[in-house]
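Student: So that we are looking at the same thing, I have put the structure below in structure tokens.
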Amino acid sequence: MAEGDADALGTSRGAWHEAPLPRLFVLSAVSLYFELLVVRWTTAYVTNVGFFTNFLVLASFVGLGAGFLLAGVRARLVAFFPPAVLGFAALVDVARPRLSLDHKAGAVFWGDTSAPGLHELLLSPETFIAITFVVVAALFVLVGQPIGAAFSRVPALRGYAVNVAGSLLGIVVFAAGSFVLASPVVWFGLVLGALAPFVWEARRPLAVASTLSSVALLVLVASMNDGSVWSPYSRAEVLARPDGEYALEGNGAAGIELLRFRRRLNLFTAVHGEGGLVKPRSYKNVLVVGAGGGNDVNVALHYGAESVDAVEINPLAIELGKKLHPERPYASPKVRVFVDDGRAFLRSTDKKYDLIVYALPDSPSNTGANANMRTESYLATVEAFRAVRQHLEPDGVFAVYNFYRERWLVRKVATMLERAFDRPPLVLLFEGPYVPAVLVAGPGVAQIRTTDREPTFDRSEPATDDWPFLYLTSPHVPAIYLRSLGIVCAASLLFIGALAWVGRPPGAGPRQAFAVDGPMFCMGAAFMLLEAKSIVTFGLLFGTTWLTTALVIAGLLAMVLAAVFATQRLGHRVGMTPWAAGLVGALVLVYVVPPETMVLPSPVLRYAVAAACTLSPVLFANVIFARLLGESRETTRSLASNLLGSLVGGLAEYASLAVGYRRLLPLVGLMYGLAFVLVWRRRGAPAPSVSPELV
């Protein structure tokens, strides 16, 4: 091993964290881990912010990109990270902000109906995003600066490989911790512990103050967590009632109630004939999707069900239902429990049912880093309802009930059921706030109908697998998102511009300070859009869960790592044109191959086929990316430009609300095409050679 390699690995002298490659690996892992942690933890304490998590992710991109631009600054900025995070956590704890949402303008947001408590601050989403975007971006500047500094000390491709490998570790640890280490104290402790060696590189007084801030942060996080239990999806507080029943408040929004059975008309009992809205009927085999704490299962048992399959995506709801439900429905030998996404469960079974129930399937947040997907997005599409139809007995019934908030949403679900079942459903509207309703469809409806009159309602735009947005009246980008996007654009320009000027080389003018690597910028935007399309495709195949999102991101990073190795091994022996042709072919393949053709019985085989098809453009694109990075004279600026391009791609993802996800692919092709044009325009100048050595 050469002496320079030994220094890079930290084996010749000094501590491991002083060497650029181990340093880069650990900091890269921490940055991605902390990005996901910020999303998950903030949504647990800021009511309704779950509908805007993508802006937190975009803030991390801006911060990391700006941090790369400060790579030449000698200050140990990472030492300020613990007190900065402490300030952010304290702000959330003191303010306990609740975002005020207006769902009168063509969109419904769950969890927005209750008034703020005495200790909650009511904020508009625009105000919250303006403040939080800058704060979160500043946090990531403190991590991005040492990453950029380490990057500048190693060969570009070697550093990029280590950066991607570290990011891959970060996503793996986060995904595992979401299921195993369900405690924010542990999550923050991992971040602070990993950064401790870098903090102590600063002057001793600053390092001591930073360490004390770390301790204070863990104490604050523990106090905020008092009385809470966590699942891979949410935080819940268990509230006991004097009558022995319980309420679970999740992420600050109205959650699950664990109730005794009462023989009276309500959403749960209507389909069984209670109240006379439909004719009484017994159902032998019942499937409950969104079983939660067990109320719907309990109702089915009381009305004589002989077999009940309970499907719930959130394992915490099942666990608390087993422990706390006053009538213990999950303890019945007639009940089988499945922790799974409802759509994925239907795909995995051939069983047919007399009654299938969608029991209040809604969530107060999106899934992970994706802008617009909720955990139930693929439960409520025309294609999903058709899948339900295939699992009904010849006289089976399908019931969907919820508090719909708006009558147009009831009409929309009715339209979708009509398309799936080829006739209008029964629509049972209840008196009360939030528009409670039960919609009943299926071949068995004729047996329970109390009138021969077909219901009439205004048809609306149905949610489909390509446009899975149940809570929008029609394809459009709601004004609340447009305003938020404008704020993010303005904040990003001001934030990056200021730090780019501060971090400019001595004597550099505005042209050099604000220079952007055009091809890298375009490729970052394309990659982000491709990631969004990949996440929704895998969500359709495996369920819209945190684990699915983690698997997609891990698959993307693995493809990137493979591309770097391919670039290192092949060098310039293969020109750019074959890779560009492969990218075009891969994008065409993703565009023309419907996701449902990849539905295979084996989950492992399904993942392999989906990854090979859906993620193949990433391999070709990142071979080109790695080649460009190896040729770059300013590696950190190229990477910063790529991250800022990812910001633009993340903003452009909101176009899916208007056009669907499949139509994002032409935009991906456009961005890659623009990148190639910019590359070919600057090919007049000779580029430095790329070393084929990786280690």
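Student: Using alpha carbons only, what's the Rg to Rh ratio of the stretch 399-497 with Rh from Kirkwood?
Tutor: With Rh from the inverse mean 1/r over Cα pairs, Rg/Rh is 1.18.
Student: Amide H neighbours of Phe469 under 5 Å, counting only residues 5+ apart in sequence or on other chains, H built in-plane at 1.01 Å?
Tutor: Sorted by chain and number, the residues that satisfy this are Thr464.
Student: To continue, here is another question. In whole Å and largest first, what semi-axes does the C-alpha gyration tensor of the stretch 633-672 yield when each eigenvalue is scaled by 5 and square-rooted?
Tutor: 25, 11, 4
Student: Based on other C-beta atoms within 10 Å, arrange Asp309, Asp93 from fewest to most.
Tutor: Going from sparsest to densest Cβ surroundings: Asp93, Asp309.
Student: Could you give the alpha-carbon Rg of the stretch 539-607 over 2.2 N^0.38 Å, rounded to two decimals?
Tutor: 1.38
Student: For the stretch 422-502, run through the trypsin sites (Lys or Arg not before Pro) and keep only the ones in DSSP coil with at most 10 other Cβ atoms within 10 Å of their Cβ. Write out the running numbers ahead of the final one.
Tutor: On the way: sites: Arg449, Arg453, Arg459, Arg483; in loops: Arg449, Arg453, Arg459.
Passing both the DSSP loop test and the Cβ count: Arg453.
Student: Above 12 Å lies some portion of the pair distances; for the stretch 163-205, what is it as a whole percent of all C-alpha pairs?
Tutor: Within the stretch 163-205, distances greater than 12 Å cover 68 percent of Cα pairs.
Student: While we're looking at this one, here's another question. Tell me the mean residue ellipticity at 222 nm calculated for the chain from its helices only (DSSP H runs of n ≥ 4, each -39500 (n - 2.57), averaged over every residue, nearest 500).
Tutor: -17500 deg cm²/dmol
Student: Amide H to amide H under 5 Å from Ser460: which residues, 5+ apart in sequence or cross-chain, H placed 1.01 Å off N in plane?
Tutor: HN-HN under 5 Å from Ser460: Thr415.
Student: Work the Kirkwood hydrodynamic radius out for the stretch 308-355: mean of 1/r over every pair of different alpha-carbon atoms, inverted, in Å.
Tutor: Final number for the Kirkwood radius of the stretch 308-355 is 11.7 Å.
Student: Relative to the compact globular guide of 2.2 N^0.38 Å, what is the alpha carbon radius of gyration of the stretch 265-326, as a ratio?
Tutor: My calculation over the Cα atoms of the stretch 265-326 gives 1.15.
Student: Which of rounded, prolate or oblate describes the stretch 482-568 when judged by the alpha-carbon gyration tensor and an a/c cut-off of 1.5? Please list the in-between numbers first.
Tutor: Numbers: a/c = 3.27, a/b = 1.64, b/c = 2.00.
Because a/c hits 1.5 or more and a/b fails to exceed b/c, the stretch 482-568 counts as oblate.
Student: Further question: Taking the radius of gyration and the Kirkwood hydrodynamic radius from Cα positions alone, what is the Rg/Rh ratio for the chain, to two decimal places?
Tutor: Dividing the radius of gyration by the Kirkwood radius yields 0.99.
Student: More than 19 angstrom separation, counting every C-alpha pair in the stretch 453-521; what % is that?
Tutor: Values: 1483 of 2346 pairs.
Counting every Cα pair in the stretch 453-521, those more than 19 Å apart make up 63 percent.
Student: Hey, can you rank 665-672, 429-436, 69-76, 155-162 by average C-beta count inside 10 Å, highest first?
Tutor: Numbers: 665-672: 19.5, 429-436: 12.9, 69-76: 17.4, 155-162: 23.5.
Per-residue Cβ counts within 10 Å, averaged per peptide and sorted highest first, yield 155-162, 665-672, 69-76, 429-436.
Student: When only DSSP loop residues count, what chymotrypsin sites (Phe, Trp or Tyr not before Pro) in the stretch 479-527 have their Cβ near at most 11 other Cβ atoms within 10 Å?
Tutor: For chymotrypsin sites (Phe, Trp or Tyr not before Pro) across the stretch 479-527 that sit outside H, G, I, E and B with at most 11 neighbouring Cβ atoms in 10 Å, the list is empty.
Student: What size of dipole, in debye to the nearest 20, comes out for the chain about its Cα centre when the only charges are +1 on Lys and Arg C-beta atoms and -1 on Asp and Glu C-beta atoms?
Tutor: It works out to roughly 980 debye.
Student: According to the square roots a ≥ b ≥ c of the eigenvalues of the Cα gyration tensor, what is the shape class of the stretch 205-351, taking rounded for a/c under 1.5, prolate for a/b larger than b/c otherwise, and oblate for the remainder? Mind dumping the intermediate values first?
Tutor: Numbers: a/c = 3.34, a/b = 2.18, b/c = 1.54.
Prolate is the answer for the stretch 205-351, as a/c is 1.5 or above and a/b outweighs b/c.
Student: Out of residues 5 or more away from Glu257 or on other chains, whose amide H comes under 5 Å of its own, with H placed 1.01 Å from N in the peptide plane?
Tutor: HN-HN under 5 Å from Glu257: Leu248.
Student: Output the relative contact order of the chain, whole-number percent, from Cα pairs under 8 angstrom with separation of 6+ residues.
Tutor: After rounding, I find 16 percent.
Student: Output the direction-averaged projected area (hull surface divided by four) of the convex hull of the alpha-carbon atoms of the stretch 440-593, in nm².
Tutor: Quarter of the Cα hull surface area: 16.5 nm².
Bear in mind these aren't lab numbers, they're just calculated from the coordinates by the rules spelled out. Note that the coordinates shown come from a computational prediction; the quantities given were computed from them, not determined experimentally. Here Cβ is always computed from backbone atoms with ideal geometry, including for glycine, and neighbour counts include all displayed protein chains.
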